[in-house]
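Take a look at the structure set out below.
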Amino acid sequence: MRSRELATIATLLSLCCSGCHTYGGSRTTAIVGGGTLAVGGGLWIASRTIDSADTQADLKWAALGTASLGALIVIGGIVGMISLPTDDEAALQLARLLVNKAHLGNCTTVRDRAHEVEELDTGVYDRVMLTDDAVKHCLAQ
């Protein structure tokens, strides 16, 4: 029962941690997963130095759970790095969408989401968003 609970928690956490929207976020997720995997290895080593059989068994279960969680997080990060756009690609896609919204007169959406483009890539924000007259009009309101 213990291993089933740990596996369920590990799966849920890896799905939450892999919810990144760009390559950069997925890379960070993979790094965090690697650290978690290393902690699991450290717990395993620590379990071998304990004299108490009960404590040793508990540490081994904790090590397996932590290492499994780390491995799942790493896998989620790797999948994200393979399949998600880079920050500048995501910024360009969003900028194009917001330019179209500005030309349709939907300035509220443009004002609300323009900061996302700037956070992803300031170059795209400067070259795409701030050079379009309709976007400038929306941002000035």
Figure the gain on full extension for Leu130 and Val32 (residue separation times 0.36 nm, minus the Cα-Cα span) and round it to one decimal in nm. 31.7 nm
Give the accessible surface of the stretch 79-141 per residue, rounded to a whole number of Å², with probe radius 1.4 Å and ligands, DNA and RNA excluded. 60
Quick check: the angle from helix 107-120's long axis to the longest principal axis of the chain, C-alpha only, nearest 10 degrees? 50
Which percent of the accessible heavy-atom area of the chain goes to carbon and sulfur, probe 1.4 angstrom? 60
Rounded, prolate or oblate, given the Cα gyration tensor of the chain, with a/c below 1.5 counting as rounded? prolate
Relative packing of peptides 41-54, 109-122 - highest average C-beta neighbours within 10 Å first: 109-122, 41-54
Residue separation times 0.36 nm, minus the C-alpha to C-alpha distance between Thr55 and Thr122: what's the value? 18.9 nm
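The values are calculated or read from the model by the stated rules, or taken from the named source; none is laboratory data. Predicted model only: the values in this text are computed from it and were never measured. Cβ: placed from backbone, ideal geometry, glycine included. Neighbour counts: every protein chain shown. For the accessible areas, the whole protein counts, side chains as well, though only heavy atoms, and no ligand, DNA or RNA atoms are used. Shrake-Rupley method; radii C 1.70, N 1.55, O 1.52, S 1.80 Å.
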